[in-house]
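To start, the structure itself, in structure tokens.
Bear in mind that the values in this text are calculations on the coordinates, not laboratory data. This structure is a prediction, so every number in the text was calculated from the model and none was measured. Note that each Cβ is placed from the backbone with ideal geometry, even for glycine, and that neighbours are counted across all protein chains shown.
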Amino acid sequence: MQQPFLKAVPILEMIEEKGFEAYFVGGSVRDFLLGREIADVDIATSALPGELKTIFPHTADIGIQHGTILVIFNGTPYEITTFRTESGYTDYRRPDTVEFVRSLTEDLQRRDFTMNAIAMDKAGRLIDPFHGQSAISKKEIVTVGPPEERFGEDALRIMRAVRFVGQLGFVIEPGTLAAISKLAPLLDNIAVERKLAEFEKLISGTYRSEALALMGETGISNWLPGLDGQESKLLKLAGCRLGHLSTEEMWVLLTHVLELDVKTAEPFLRKWKLPGKKIRVCLKVLHWLHYRLNNSWTPQMAYLSGKANMLSAEKVYNTLSGSGPAPMEDLEEMFEQLPIKERAELSVAGKDLIEWFGKGPGPWIKDVLNETEEAVVAGRIANKKADIREWLVQCKQNLGKD
Ligand code: ATP
Ligand code: MG
């Protein structure tokens, strides 16, 4: 057993000591069987939330109505969920009622895919009533039970299936895939926030090309913000060498492939409910990508874009031009050679200009600072107060006069 499980074994033991059952479940067991790194260990138990609270002194109610509480054990938080069944999915998302049950098998049965419905006990023994291990060895995504029924209960599972393709490189079993194509319109009922969480995992995954192609082929993309009718562009994106791109760079590439400019990309990214900060970064990189599509980098442009934006734009540019990952040392060197890296490093400020020219504040300050900044970046003057003053006094003689 791997370290994250070993650290949590005492939790299972403490629950069992009180006469309840407890197991590791979900993504951690799947990833362990795949030899992948384990993010967080989820635990399922026959104990009710109230019963867990009598066992563990440090808990937080994070989803107690669905039977999940957070237990802080040796400083690490663990999500522990009471065995439950779900019923009454009247709106194709989230169950109307959850019912706590005392049977592990019933709990595993409500889970989405067989690979996610395996439990492991404290000794590492697997409980696998739906043959998840066989699916994992075949690299197959299969619903637990009839696929149409399961996607009809919660359409987010449709997105989850393709994001697992993107993360794990699995294929979707034919019956499950047919149900996805048929029921993709149900995604219309799913909140954008939940779609976004799955989509970002998809575009960050090693096998994102396959998943993006599948989104187009199954028609899933028609039910995602701003992607209706864009299958052919998604297929184009899927055909790019995406290996080295970050999630933000993927968003930039996506907006570009969709033929959006900085103005039209903003409402697209807002529709997806991306955080404002991320949108700002993406728009900046998109702006510099557009610059790069027609020009080469110069020190001035490297300075104006900033190192991170320049490198990201270059990576996306390389992807578009088909070269895939390319060395960035030359560009990094260009940036390192700049006399200043940002405005704050300029050794003069507005108050110096006011003093030197004996003129009150006004828009002239911004103009002179911009010119000075440009001259320093271009290496025409040194970034030293005295040098800049001398230079300015010489070339701006008329400033002090009016
Ligand atoms: P990840 O590694 O990305 O966390 P995961 O499989 O652990 O993947 P979670 O969202 O953390 O995904 O969910 C934990 C487990 O809960 C899943 O493995 C699955 O058993 C179950 N589950 C999650 N979402 C659903 C859903 N929409 N329908 C049915 N079961 C679900
Ligand atoms: Mg998980």
Quiz prompt | Cα-projected label distance for residue 97 with residue 370, points at 7 Å along beta-carbon direction, nm | solution = 6.7
Self-check item: Spin-label model distance (nm) - residue 295 vs residue 385, 7 Å beyond Cα toward Cβ
Solution: 3.3
Quiz item: Calculated FRET efficiency, residue 343 and residue 270, Cβ-Cβ r, R0 22 Å, to nearest 0.05?
Solution: 0.20
Practice problem: For residue 307, list the aspartates and glutamates whose Cα falls under 20 Å from its own Cα; do not include residues on the same chain fewer than 8 positions away. | Solution: 248, 249, 329, 330, 332, 333, 336, 342, 345, 373, 374
Self-check item: Tilt relative to the chain, helix 3-17 - C-alpha long axis, 0 to 90 degrees, to 10
Solution: 40
Quiz item: Taking a 27 Å limit on the Cα-Cα distance, which of the listed pairs 284/385; 233/271; 195/236; 139/195; 284/341 fall beyond it?
Solution: 284/385
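Please identify every one of the GluC sites (Glu not before Pro) in segment 289-364 that sits in a loop by DSSP and has no more than 11 other beta carbons within 10 Å of its own beta carbon.
In loop regions of segment 289-364 (DSSP not H, G, I, E or B), the sparsely surrounded GluC sites (Glu not before Pro) are 342.
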Practice problem: Quote to one decimal, in nm, the extra length available between residue 3 and residue 395 on full extension: 0.36 nm per residue of separation minus the C-alpha distance between them. | Solution: 134.3 nm
Quiz prompt | Cα-Cα pairs of the chain separated by more than 41 Å (percent) | solution = 35
Self-check item: Length released on extending from residue 72 to residue 18, taking residue separation times 0.36 nm less the Cα-Cα span
Solution: 17.6 nm
Quiz item: So what is the 222 nm mean residue ellipticity for the chain from helices alone, if each DSSP H run of at least 4 adds -39500 (n - 2.57) and you divide by all residues, rounding to the nearest 500 deg cm²/dmol?
Solution: -15000 deg cm²/dmol
Exercise. For the chain, find the longest principal axis of its Cα atoms and tell me its angle to the long axis of helix 385-395, 0 to 90°, nearest 10.
Key: 50
Quiz item: Kirkwood Rh, Cα Rg: Rg to Rh for segment 1-132?
Solution: 0.95
Quiz item: Taking Cα atoms, how many degrees apart are the long axis of helix 174-183 and the longest axis of the chain, rounded to 10 and kept between 0 and 90?
Solution: 60
Exercise. Report, by chain and number, residues whose modeled amide H sits under 5 Å from the one on residue 172, excluding near sequence neighbours (fewer than 5 apart, same chain).
Key: 141
Exercise. Would you work out which of 156, 115, 142 lies farthest towards the positive end of the dipole of segment 113-172, given +1 charges on the beta-carbon of Lys and Arg and -1 on that of Asp and Glu, about the Cα centre?
Key: 115
